[in-house]
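The numbers here are math on the coordinates, done by the rules we state, and not lab data. A quick note: this is a predicted structure, and the numbers were derived from the prediction, not measured. All Cβ positions, glycine included, derive from the backbone under ideal geometry; neighbour counts span all protein chains shown.
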Amino acid sequence: MMDSESAHRPVKIVHRSAGAVVIHEGLCLVLRTGREWVFPKGHLEQGETAEQAAVREVAEETGVEIAIDEWLGVTRYEFSDRRHGIQNRKTVDWFAAHPVGGVLRVEPIFADGGYVAFEEALQRLAHEADRDIARRAFGLPVDDEDAG
């Protein structure tokens, strides 16, 4: 039997994802999810490394096939589903990458997407952690060792 306090504690779910800052001819690939601009990313599937997940997710979300250049760091954030009593914690491994094939076609779940200049990406990206990852991908300093 649960006491009333434990019955109201949220269930905590940990998510692990990976994504990439894809740079082509000095431009980077961004996607718009409703009002927010983001880099392509998604969850790791069973047995998959973060690098493999980043390659797969970029291809699934954008049609662009990539090669990884380097690991950029990790971002961490939390979000809640209060209606269902769930507290989500997400860790994302980020990579710098370049296109090696495919054709840009943004997955229908996104409202828009494409390559934009670095400065424009900084203005569009919704989260400071994503802007820090972009700075790292373009070889610029960031304030702190952990982007998230």
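Remarks
- Table column - 3J(HN,Hα) (Hz), the range 66-82, Karplus curve with 6.51, -1.76, 1.60, x for Gly and Pro: 10, 10, 7, 9, 6, 7, 9, x, 10, 10, 9, 7, 10, 8, 10, 10, 5
- Theoretical gain in end-to-end length, ALA67 to ARG82 [0.36 nm per residue, Cα-Cα removed]: 1.5 nm
- Taking every alpha-carbon pair under 8 Å whose residues sit at least 6 apart, the chain reaches a relative contact order of 31 percent.
- With Cα atoms, 0 to 90° folded angle of helix 128-137 axis to the chain main axis: 40 degrees
- About the Cα centre, charge dipole magnitude for the range 4-137 (Lys/Arg +1, Asp/Glu -1 at Cβ), debye: 620 debye
- Within the listed set ASP130, ASP112, ASP81, the residue fluctuating most in the Gaussian network model of the chain (springs between alpha-carbon atoms under 10 angstrom) is ASP81.
- Kirkwood-Stokes translational diffusion coefficient of the chain, alpha-carbon pairs, 10 °C, 1.306 mPa s, µm²/s: 99 µm²/s
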